[in-house]
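Undergrad: Okay, handing you the structure first.
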Number of protein chains: 2
Amino acid sequence: MNILSYGLLGLLTRDESSGYDLMLRIQPHWQAKHSQIYPILSRMEDDGLLSARWVEQTDKPDKKMYRVTDKGIQKLLDWMYTPVSTPALRDELNLRMICFQVTNPIVMKRWVDERRDWFESRLAYYEALLANLPEEAVQPGSPYFGEYIVNTKGTMTAKTGIEWCHWVNGLMNAHYQEREATRTH
Amino acid sequence: MNILSYGLLGLLTRDESSGYDLMLRIQPHWQAKHSQIYPILSRMEDDGLLSARWVEQTDKPDKKMYRVTDKGIQKLLDWMYTPVSTPALRDELNLRMICFQVTNPIVMKRWVDERRDWFESRLAYYEALLANLPEEAVQPGSPYFGEYIVNTKGTMTAKTGIEWCHWVNGLMNAHYQEREATRTH
DNA sequence: ACAACCATGTAAGCGGTTACATGATTCA
DNA sequence: TGAATCATGTAACCGCTTACATGGTTGT
């Protein structure tokens, strides 16, 4: 039972869902592909944590709908009282930055601009998720409160990222304009 | 050649270093264990990207010092012109949050407090790294400029994290104080 | 004595990505 | 006709973690 398994179990405490739908719903909080999710669901079914039924559809392909069992809920509750792990920092941009001196500042400018675009798309993504939440989500008693606070975390992180990109660009511009000025004198 | 390999190559363009030292230097930017780094260095040596020599020490165990070769520098330069990948978001706390409704708000309060402590230790860590950089690091022309901006990114991210934790605690407190007030009436 | 730090390695196993494989429906 | 979305699976491979393994020095 890895972390992703518990996340899927958690989503299934809300609604009966298909593997495909779970993949889409877990994406904003934990990046996972269908090839990882389907085997996990099968194994949890074998272990009696989930029950499943096939639902026939006419307009779309048939799907397998999963539901949590009591045993699954118990497993989830046990997890709640274990320590929460902290995320490992592993961003390629960091490594690019620490060895950018082997090349020129133009490539660095492009990395920062691309990253700013990415942060902006992330910001729009989390804002859209927040907009789609029911109004009651802002109340700590709501079942959507968790989504509300993690999506807000997403927007805050994205905003900080954008801010950082602007800051780096500002430093670069100031430096190279100054150099340009001294050269023309 | 994975991302970590290029990061090690980049660090080695500055100084000749041992595997142990590289492990310590890469940690702030890319979390990696010695068991992953040593085999990578061996393979890069076999591929002619690095050269190595053993240095005898009297007070400490002997160490193997690595240096980048011209072929290694070329490999690093090629990498500089490939697209930068974006980090995958995978934080256990997010998954805990989205299924916290199966349990009580007390456990959630503990997760947030623990995470705030972690962010605070991260902040102190990056501030210490910044303090140890030479003054010239703030100049985009300095070889330490990359370190300066990524460590600053670390402090900004940590500060945002702390802010978020306070915000969540504020929401929780307001809600449960209000509930307490209505109950005593 | 014991812990902490320095220093280097190997092996097993898990988590995640990429690619392979199939197939229906809808829309441009 | 071709691309996009829905839908489910398997197999190979890579990256990273955990554990195993060794051994010297320094400080409490």
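The values are calculated or read from the model by the stated rules, or taken from the named source; none is laboratory data. Note that the structure is predicted; figures quoted are calculated from it, not measured. No Cβ is skipped: glycine too gets one built from the backbone with ideal geometry, and neighbour counts run over all protein chains shown. Side chains included, ligands, DNA and RNA excluded: accessible areas come from the protein's heavy atoms. Shrake-Rupley method; radii C 1.70, N 1.55, O 1.52, S 1.80 Å.
Undergrad: May I ask you to order A:76-87, B:138-149 by the average number of other C-beta atoms within 10 Å around their residues, highest value first?
TA: B:138-149, A:76-87
Undergrad: Let me ask something else. I'd like to compare B:125-132, B:37-44: which one has the highest average count of other Cβ atoms within 10 Å, and what's the full order after that?
TA: So the order, starting with the most tightly packed, is B:37-44, B:125-132.
Undergrad: Exceeding 19 Å between C-alpha atoms, which entries from my cross-link table qualify? They are A:LYS109/B:LYS159; A:LYS33/B:LYS33; B:LYS33/B:LYS63; A:LYS153/B:LYS153.
TA: A:LYS109/B:LYS159; A:LYS33/B:LYS33
Undergrad: Let me ask you something else. Using amide H atoms built in the peptide plane, which far-off residues or other-chain residues are under 5 Å from A:SER17 H to H?
TA: A:TYR66
Undergrad: Once the label point is placed 7 Å from Cα along Cβ, list for B:LEU133 the distances to the corresponding points in the other copies, in nm, shortest first.
TA: 3.4
Undergrad: Would you work out which of B:THR69, B:ALA52, B:GLN101 lies farthest towards the positive end of the dipole of the range B:1-101? Charges go on Cβ: Lys and Arg +1, Asp and Glu -1.
TA: Ranked along the dipole, the leading option is B:GLN101.
Undergrad: Now a separate question. Say R0 is 30 Å: what FRET efficiency, to the nearest 0.05, do A:ASP70 and B:SER85 get from their beta-carbon distance?
TA: Efficiency for this residue pair is about 0.10.
Undergrad: Counting partner chain Cβ atoms within 10 Å of every residue's Cβ in B:156-162, what's the average?
TA: 4
Undergrad: Calculate the radius of gyration of the Cα atoms of the protein assembly as shown to one decimal place, then report Dmax, the largest Cα-Cα distance, as a whole number, both in Å.
TA: According to the Cα coordinates of the protein assembly as shown, Rg and Dmax are 24.4, 78 Å.
Undergrad: Would the range A:89-130 count as rounded, prolate or oblate if I go by the C-alpha gyration tensor, calling it rounded below 1.5 in a/c and otherwise prolate when a/b exceeds b/c, oblate otherwise?
TA: Taking the square roots of the gyration eigenvalues as a ≥ b ≥ c, the range A:89-130 is oblate.
Undergrad: Given the -39500 (n - 2.57) contribution per DSSP H run of 4+ residues, what per-residue ellipticity at 222 nm results for the protein assembly as shown, rounded to the nearest 500 deg cm²/dmol?
TA: That calculation yields -21000 deg cm²/dmol at 222 nm.
Undergrad: How large, in percent, is the carbon and sulfur part of the accessible surface of the range A:23-113 at a probe radius of 1.4 Å?
TA: 54
Undergrad: Please report, in Å, the Rg and the Dmax of the range B:92-184, where both are computed over Cα atoms only.
TA: Every Cα atom of the range B:92-184 included, Rg and Dmax give 18.7, 65 Å.
Undergrad: Now for a separate question. Return the tail of the calculated pair distribution for chain A, meaning the percent of Cα-Cα pairs more than 27 Å apart.
TA: 48
Undergrad: Go from 0 up to the bin containing the longest alpha carbon distance in the range B:3-80, width 5 Å each, and give me the % of pairs per bin.
TA: Cα pair-distance distribution for the range B:3-80, in percent: 3, 16, 30, 26, 17, 6, 2, 1, 0.
Undergrad: Turning to a different aspect of this structure: Please give the average number of partner chain Cβ atoms lying within 10 Å of the Cβ of each residue in B:139-151, rounded to a whole number.
TA: Rounded to a whole number, the mean comes out at 6.
Undergrad: Can you list, shortest first in nanometers, how far B:SER85 lies from the same residue in the other copies, with each label 7 Å from Cα toward Cβ?
TA: Copy-to-copy label distances for B:SER85: 1.8 nm.
Undergrad: Please list, in order along the range B:51-63, the HN-Hα scalar couplings obtained from phi with the Karplus expression 6.51 cos²θ - 1.76 cosθ + 1.60 (θ = phi - 60°), rounded to whole Hz, x for Gly and Pro.
TA: 10, 9, 9, 8, 10, 7, 10, 8, 7, 10, x, 4, 9
Undergrad: Distance between Cα centroids, the range B:100-173 to the range A:36-102: provide it in whole Å.
TA: Computed from Cα coordinates, the inter-centre distance equals 27 Å.
Undergrad: Which value, in square angstrom to the nearest 100, describes the accessible area buried between chains B and A on both sides, using a 1.4 angstrom probe?
TA: Separately minus together, B and A give about 6900 Å² buried.
Undergrad: Considering the rotational relationship between chains A and B, which residue of chain A contributes the beta-carbon of minimal distance to the axis, and what is that distance to the nearest Å?
TA: Axis relating chain A to chain B; nearest Cβ residue and distance: A:THR160, 2.
Undergrad: For B:42-51, what's the mean count of beta carbons from other chains sitting within 10 Å of each residue's beta carbon?
TA: Average neighbour count from other chains, rounded to a whole number: 0.
Undergrad: Any idea of the accessible area per residue across the range A:50-175, 1.4 Å probe, to the nearest Å²?
TA: Per residue, the range A:50-175 has an accessible area of 50 Å².
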